Structures are given as structure tokens and as C-alpha cells.
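S.K.: Below is the structure I would like to discuss, written out as C-alpha cells.
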Amino acid sequence: MTTVGEITFESTSRYAQVREDLKLHYHEAGVGNGPTIVLLHGGGPGASSWSNFAKNIPVLAREFHVIAVDQPGFGQSDKPIDHPQYFVHASSALKDLLDTLGITERVHLLGNSLGGGTATRFALDYPDRAGKLVLMGPGGLSVNMFAPDPTEGVKLLSKFNYEPTKENLEAFLRIMVFDQKLITPELVEERFASASTPEALAATRAMGKSFAGADFQKGMIWRDAFKLRQPVLMIWGREDRVNPVDGALVALKMVPRVQLHVFGGCGHWAQLEKFDEFNRLATDFLLGIKEK
């Protein structure tokens, strides 16, 4: 296992031209370690692989070869607006990225919210390329049984997309977490700068429309959950107001090899709010380590 040195945005930043019309940005760390784990961020305004996982990457890179992808339409990746249902779009782009990088073995997938949907779609469409799944409040797999739909978080997300003000962004970010101290003025400024560009807004709106397009059923991943053969760890925050914890129940019933861990005092960002416990839980699951 290689030694993990100082990990920064600049030292891990990479680009790959995965198709003639699509360039993806990603972060790479833990080269020489294994197995490979792909991190897929959520879909909130200004989200990127670094904004979601900057603190987790150095920890995970001690054991894994880490690829943290800016999904299409986010971060420094290209932002096409003419594409199929978003989970299909993003998972096929991930497959092309892995092909471009020469990674042909199975990769573990860790996805938050929108990234959880992409991870699951990838496992369904490319089962021979997917290892274990760690899914945090995954979109598409979550079905609200008791909570109202759309949820508070989804309503605030939509409000920002059509009224992209700093105030609406902060309101959305605050509903993402249980610990309000995580939402700092610096975070709001950083996310707003990324989310409010014309290209980012157009890409986000195109993503939203794709969930109501002709192939909208591809976004209803819960309908195909019984087909998953990979071991799946679902992680939820009890206080999640974006994809509430009752959304786990259908997947918990349908996915053959599934387990669920719920953190109390935790919202939608389990990887940050329960940082140490999350990293240990995900690592032990992916490496097959059992608690004594």
C-alpha cells in the first residue's frame, strides 16, 4: 500500500475526454492502492466531487484507489443540456470514464443522493463492472412512504433553480444538515459562485426535466431494485429532510443483499456530519471487515 501524502484539490485534479462531446473532471488519490472506489456527489446547487468529499478522500485513499467524479453538469465537468434521463446519462458517462482510464475490473461505488441514483443505475446497466455499493439517501431508490412528496429539500432545490439567489441557496443548504454550524458564509459563497453561472443553471434545469422526459421510468430505480446482485449498504440520516429515512423501506424490502445504517442527529450529508463513523463504516463494509 502506498503512503498517502498531502492531498489537495490541485494535486488530485484530473480531466478526461471520455467522448468527443464530453469531458469529465475528477479527483484521483491512493494510486497503487486497491480496490478502486468511485465517489459520486449529490445534485444540489454548486455540488461537485470536491465539495461533497474533500474531507473523505484522504481517509479513503489510505485503503482504496479513489476516483471522485464531477458528474456531467457539475463542477468542472462539461455541462450538456441535451441528454437522456439523468441517471442513464451519468452512469454511461462513468462507464466511458472508466474505459478511458483503462479500469476494467469491478469498482466499488459510493454515492450520495443524486450520486446514489447514478451508482445504482450503473450497477443495473453494467453489472459486470460494479462491486459493492454504499448509498447515502440515494435518489431514485428512495420512495417516500410517509413523508410528503416533494419533500422540503426538493422544494427548496426547485426554488433555487428558478430563483437563483444567495438567500435561496442558503435556505437549501441549511435544510441539508442537522448541524447548522456546517453551513458557513464561506460555504454559501463558494457554492453560489459555482451554481449561479448560466451554464450550471441550464444544466441543472435540463437534469430536472430529464426526470419527466420520455424515458422517465429509468429514474424510478426502485422498480428494478430486485435485480441488484451486489452487496448494498444504505446509510441514512434520521433527520434527512431531502430524502427522508422512510424512503429506505422499499429498497430494504427489495434489494437482495442489503443492510441499512441510520445515524441519529444527522441530515442528508452523512459523510460530513458523521465523518469518522461514516468513513469507518464504509471502509469496513467495502473491505469485508466484520465487527468483533
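S.K.: Which one is most open to solvent (accessible area, probe 1.4 Å), of the residues in the range 137-175 that are touching a Phe, Trp or Tyr at 6+ places or on another chain (Cβ under 6 Å) and farther than 22 Å from LYS218 by Cβ?
M.R.: The extreme case among them is LYS166.
S.K.: Failed condition for ALA119, given (1) closer than 24 Å to MET220 by Cα; (2) surrounded by 18 or more Cβ atoms within 10 Å (Cβ to Cβ); (3) of a type in the set (A, V, I, L, M, F, W, C); (4) in contact with a helix residue (DSSP H, G or I) (Cβ under 6 Å, 6 or more places away or on another chain), with all others met?
M.R.: (4)
S.K.: Looking at the range 48-92 only, could you name the residues that are touching a strand residue (DSSP E or B) at 6+ places or on another chain (Cβ under 7 Å), in a helix (DSSP H, G or I) and under 16 Å from GLY116 (Cβ atoms)?
M.R.: Correct list: SER49, ASN52, PHE53.
S.K.: Same structure, new question: Of everything in the range 93-116 that's open to solvent by 10 Å² or more (accessible area, probe 1.4 Å) and in a helix (DSSP H, G or I), which residue is nearest to GLY73 (Cα to Cα)?
M.R.: LEU114
S.K.: Could you list, in sequence order, the residues of the range 234-261 that are touching a residue at least 24 places away in the same chain (Cβ under 8 Å), open to solvent by 20 Å² or more (accessible area, probe 1.4 Å) and either among the polar types (S, T, N, Q) or under 22 Å from ALA123 (Cβ atoms) (or both)?
M.R.: ASN243, LEU249, VAL250, MET254, PRO256, ARG257, VAL258, GLN259, LEU260, HIS261
S.K.: Identify, please: which residue in the range 182-216 is over 20 Å from the mean Cα position of the chain (by Cα) and at pLDDT below 95 and is, among those, least open to solvent (accessible area, probe 1.4 Å)?
M.R.: Taking the candidates together, the pick is GLY213.
The values are calculated or read from the model by the stated rules, or taken from the named source; none is laboratory data. This one's a predicted model, so the numbers in the text were calculated from it and none came from an experiment. Every residue, glycine as well, gets a Cβ built from its backbone with ideal geometry; the counts of neighbours run over all protein chains shown. For the accessible areas, the whole protein counts, side chains as well, though only heavy atoms, and no ligand, DNA or RNA atoms are used. Shrake-Rupley method; radii C 1.70, N 1.55, O 1.52, S 1.80 Å.
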